[in-house]
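Here is the structure we will look at.
The values are calculated or read from the model by the stated rules, or taken from the named source; none is laboratory data. Note that the structure is a prediction, hence the values are computed from the model and not measured. Quick reminder, even Gly has a Cβ in these numbers, built from the backbone with ideal geometry, and neighbours come from all protein chains shown. These accessible areas exclude ligands, DNA and RNA; they are computed on the full protein's heavy atoms, side chains included. Shrake-Rupley method; radii C 1.70, N 1.55, O 1.52, S 1.80 Å.
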Amino acid sequence: MKHKIKSLILAASVVAVPAQADTLLGLYVGAQGWNMDTEGGFSNDADITRFDFDTETKSSLYVALEHPIPLIPNIKVRQTTLDTSGDVTLNSTFTFNGEIFSVDTPLSTEVDMSNTDFILYYELFDNDLVSFDFGINGKYVDGEIFVRETADASNFAREEFSGVVPMVYSKLYIGLPFTGLGAYAEGSYLAIDDHSLSDYEIALVYQFVDNLAIDMSLQLGYRATSLELEDLDDIYSDLEFSGAFAGIEIHF
């Protein structure tokens, strides 16, 4: 009877332990170029001032380490550059970091919302057709906002801010056998306290190198990042960055 109980416990443990991506250590390195449009604005309170932002081309780099050890999560670190510039002619008084800008004043701004994702995840499914990752993401936002009068550069305000926002992470990959083609949807999302953040991308993938030493694949897709911050180091924002991207991933 004891042997049967032990067998049942062992079987349950095997089922409960999430599947890992690699039987040995697997290292993934990726880089993306992102054609990014920006909408929205920011302030020091809940009254957001919106700007007209430029379209920028930005980068995103990531590295992920997967292993076969049960219960210990895989790890992925991703750095995304989110800086842009814009302008507005004020239709109401705007106060930023103690500086007051009056109605009808033309303003220009430089916004940097660059961030780093620290992701811990498990692969719940992993085969040639479907893989599914699930975990948590600590998104570290390290930002700076600079505002100045267009006609009088001596009247300006600058504020730096930073903080870690917890998010839920998931990724679904679906492949077409014997073609090298696939598609994935990956994202982090949050609705906790007063912050509301989301960061997702969908892409087509073509694996053009596949051997025992290295895999290489191309990505073409769309990414959108929404940062609605409520009093993160006195910064309130309602900003969305979105656009098409192209990338490459190498798997060792």
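For the reader, a short list of remarks on this structure follows.
- Normalised by the number of residues in the stretch 50-127, the mean separation of alpha-carbon contacts (under 8 Å, six or more apart) gives a relative contact order of 32 percent.
- Highest mobility in the GNM of the chain, judged by mean-square fluctuation with C-alpha springs under 10 Å and restricted to Phe146, Phe118, Phe208, is found for Phe208.
- Of Ile214, Ile119, Ile136, the residue with the greatest mean-square motion in the GNM of the chain, using alpha carbon springs below 10 Å, is Ile214.
- Separation between Cα centres of the stretch 69-114 and the stretch 172-231, rounded to whole Å: 24 Å
- Spacing of the two label points (7 Å from each Cα toward its C-beta) at Asp234 and Ile248, in nm: 4.5 nm
- Mean sequence separation of contacting Cα pairs (under 8 Å, at least six apart), scaled by the length of the chain, corresponds to a relative contact order of 19 percent.
- Rounded tilt (10° steps) of 2-16 against the dominant C-alpha axis of the chain: 40 degrees
- Computed with every protein chain present, the accessible area of Leu65 is close to 70 Å² [probe 1.4 Å].
- Excluding ligands, DNA and RNA, the accessible surface per residue across the stretch 158-252 is 51 Å² with a 1.4 Å probe.
- Note on Lys58: aspartates and glutamates with a C-alpha under 13 Å away, same-chain residues under 8 apart excluded, are Asp37, Asp83, Asp112.
- Estimated FRET transfer efficiency when R0 is 41 angstrom, pair Leu176-Ser108 (beta carbons, to 0.05): 0.30
- Highest-fluctuation residue, Asn91, Asn35, Asn115 considered, GNM on the chain with Cα pairs under 10 Å: Asn91
- In this simple spin-label model, placing a label point 7 Å from the Cα along the Cα-to-Cβ direction at both Ile69 and Ile214 gives a separation of 2.7 nm.
- For q = 0.13, 0.20, 0.32 Å⁻¹, Debye-computed log10 I/I(0) when each Cα of the stretch 34-84 counts as one equal scatterer: -0.56, -0.79, -1.13
- Normalised by 2.2 N^0.38 Å, with N the number of residues, the alpha-carbon radius of gyration of the chain equals 1.24.
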